[in-house]
Ligand SMILES: [Ca+2]
């Protein structure tokens, strides 16, 4: 486990790296589409957010949030993703909303770096953002 320092520019650079970002998002989408029908259901998306640990960063939820409230929150997230109200989230919707969310996180972080303790194999996008920055900083 290591501690990484992340600020808004780290996240923005990750989102701005079209190839890296799309690859990460597409991989994540494929991993989340448990029944391989090409779209994410409400339940699949909820699992996504539980595993990505984005909730804490983007929505300011703490661990003590009661279950009903979490369900409401996940419903509202689902509605954000499901732009056309079809009841499922397709890859295009997922890409565009992930971009917005990551940029919102970047905005929230601003130029104030935060420290995050992450496992080396942490699947979160924030970890990938930090890795990308580290790889660019390397000589
Ligand atoms: Ca699915």
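The values are calculated or read from the model by the stated rules, or taken from the named source; none is laboratory data. It should be emphasised that the depicted structure is a prediction, and the values quoted were computed from it without experimental measurement. Cβ: placed from backbone, ideal geometry, glycine included. Neighbour counts: every protein chain shown.
Annotations
- Positions within the stretch 19-45 being crowded, with 17+ Cβ neighbours inside 10 Å and within 7 Å of the ligand (Cβ to nearest atom), in sequence order: 33, 39, 40, 41, 44
- Counting only residues that are exposed (fewer than 14 other Cβ atoms within 10 Å of the Cβ), part of a helix (DSSP H, G or I) and in contact with a helix residue (DSSP H, G or I) (Cβ under 9 Å, 6 or more places away or on another chain), the stretch 101-139 holds 2 of them.
- Flag for residue 106 being at pLDDT 85 or above and closer than 24 Å to residue 19 by Cβ: yes
- Residue identified as at pLDDT below 90 and under 16 Å from residue 128 (Cβ atoms) among 51, 24: 51
- Scanning the stretch 1-18 for residues being part of a helix (DSSP H, G or I) and buried (at least 16 other Cβ atoms within 10 Å of the Cβ) gives a total of 8.
- Positions within the stretch 86-96 being assigned to a helix (DSSP H, G or I) and within 16 Å of the ligand (Cβ to nearest atom), in sequence order: 91, 92, 93, 94, 95
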